[in-house]
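Let me begin by presenting the structure, written as structure tokens, before commenting on it.
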Amino acid sequence: MTAMLSHRSLSKSRLIVLAVVAVISLVFFIATNLASLNQNDFMYAVAPAVWAQNGALYTNVPFPQAPLSILLNSLLVAVTGNVNVFLPARIVSMLLVLLAVLLPVLNRSKIRNIEIWVLYVALCLTNFVVLSNSREIGNYALSLLCLSAAVTVINAPGSVMWRGFIACACAGLAASAKLYFVIMCPALFLFFLLKERHARESAVIAVCGLGFLLGLAPIFYFLARDYQSFWHWNVGFFRLIMPLRLAGAADALHRIANILLVFVVLMAIPIGFFFVTIRDAWRRGGVELPEKFAELLLLAAAGVMAISPIILYAQYFGPLAFLLLLFSAPWHSTANQPRSLYVIFAGAMLCVQCVLLAEMFGPDIVQRKLAVVEVLNVQNKARQIVVNGYSCERKLYATAPLFLLENEVKYPPEFAAGPFLMFFLRGEVLARKGESFDLDARIKKWNPDIAIWGYHVGSSDPAEDAVDRFIRDYAIDHGFVVTSLGVVDGHAVELGYRAGCKTPPRP
């Protein structure tokens, strides 16, 4: 009886600890996402409004990304009736990454391993590299979810034909969200063939091909409309800007080395556990060895995809980190020692990740408001200034148009390029028609009656600082009325509008 009570007490204590771990990881996940603002938000949140106002995507509106993300955010605009999808789209990105983490382990066999299940989820939600896919609006979260869905469907029971069709459709959708996911598509197909013997039948292969083509439908649509413009903005444009990105070779190499070092340090334990599982599968042989080889193949493809853009960012390593955390967990191990070691090392890794996140975002959260809240406050103040009682045309020019997203405001087509807008404004990259981008000529042609600046003033990039100061000087030279919108991410943001556009409120 005493032993039974002790066992029950231990089980309850363990469940309490696991519940605490789950809650802490979820809190870190939400707080980290809300604490950060990424310059990609300036593109993905603004692009639907710009596209709706300025004609065909890629042809008239420069958008240097695959189309699935702008289609999703345009759907949010249609549902909400408001072009300001910043907050809804950020929440959707968080939910997509959360769903990507949960999808592969929602089956009964993995949920039964409650300790491993909770630790795997907690490690994903507090991993800086995985988090980088949800800490912005955009296509990283979409493509990660598509990858997760493909892996989940391949490992699920049921019809081989339907699983192949859905998995390959998800692979195509991942490429439609982030074009360089094309690198992973052959590896996903081989992963399916190695995991499922019946997948090698010609009928199944044909259905897989059909599913992949269906997933690529968004890309095919824009290729059919204007393949030259689509190719230019998704491939040719990046060839043009690559010399600019590599201009400071020493700095670029230093940043790449730092990212690779951080990734290896963060993922050292999962990498070790994964290769231990490969060693054990090699010793035992049987069906487990081809499965582990399939997983290794998928990890290799994710690694190649991560480094393929040459200039590296943490977001590129999100799929690799996610797959490593999934494949390294001892889901099928019956021996106590590997499971106990995993619990110990995963717990230690979780603590390290939480400390790193607290160090990176904790002081900022304490000293100031969350970046997302700051953006919403600035948007609200900008709305009050230029919507109610405003008599001019409401044509905006800014390097950060995210701060004024309203149905009544008009935007030039280049705003859909977001952070890449800076490459246009520098005048160092040739535009689609072969003419350099002349900021002075462009702003005079647009003749804005609203300008926003300040977010890039003082930037470490001299070009960003210069462009923001140019817009500020333009507003001052043209007698704009200047007002402060507040502080975002430590930057004082200001708005200027033409004198005489604002009607004084009635007494």
> Taking the Cα atoms only, what angle lies between the long axis of helix 86-102 and the longest principal axis of the chain, rounded to 10 degrees?
Replying inline: 10
> What are the semi-axes of the equivalent ellipsoid of segment 24-147, taken as the square roots of 5 times the eigenvalues of the Cα gyration tensor, listed largest first and rounded to whole Å?
Replying inline: 31, 14, 12
>> Please report the antiparallel percentage of DSSP beta bridges with both residues in the chain, rounded to the nearest 5.
In response: 75
> Taking a 1.4 Å probe, which of 225, 498, 383 shows the most accessible area, and what order do the others take after it?
Replying inline: 225, 383, 498
> When ligands, DNA and RNA are left out and all protein chains stay put, how many square angstrom of accessible area per residue does the chain have with a 1.4 Å probe?
Replying inline: 45
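With +1 on each Lys and Arg Cβ and -1 on each Asp and Glu Cβ, and nothing else charged, work out how big the dipole of the chain is about its Cα centre, in Debye to the nearest 20.
Once rounded to the nearest 20, the dipole reads 1240 debye.
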>> I'd like to know how the chain sits against the 2.2 N^0.38 Å rule of thumb: what's its Cα Rg over that expected value?
In response: 1.07
> For the chain, what is the calculated [θ] at 222 nm in deg cm²/dmol (nearest 500), taking -39500 (n - 2.57) for each run of four or more DSSP H residues and dividing by its residue count?
Replying inline: -20500 deg cm²/dmol
>> If I compute solvent accessible area with a 1.4 Å probe over the protein chains, what percent of it on segment 439-503 is carbon and sulfur?
In response: 51
> Once Lys and Arg get +1 and Asp and Glu get -1 on their Cβ, which of 149, 302, 460 lies farthest toward the positive end of the dipole of the chain?
Replying inline: 149
>> Order 104-111, 295-302 from most to least packed using the mean count of other Cβ atoms within 10 Å.
In response: 295-302, 104-111
>> Rounding to the nearest 10 and keeping the result within 0 to 90°, find how far the Cα-based axis of helix 114-126 lies from the longest principal axis of the chain.
In response: 20
>> I'd like the orientation of helix 336-367 relative to the chain: the angle between its Cα long axis and the longest Cα principal axis, in ° from 0 to 90, rounded to 10.
In response: 20
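The values are calculated or read from the model by the stated rules, or taken from the named source; none is laboratory data. None of the values given here were measured: they were computed from a predicted structure. Cβ coordinates were reconstructed from backbone atoms using ideal geometry, including for glycine residues, and neighbour counts include every protein chain displayed. Surface accessibility is based on the protein's heavy atoms, side chains included, excluding ligands, DNA and RNA. Shrake-Rupley method; radii C 1.70, N 1.55, O 1.52, S 1.80 Å.
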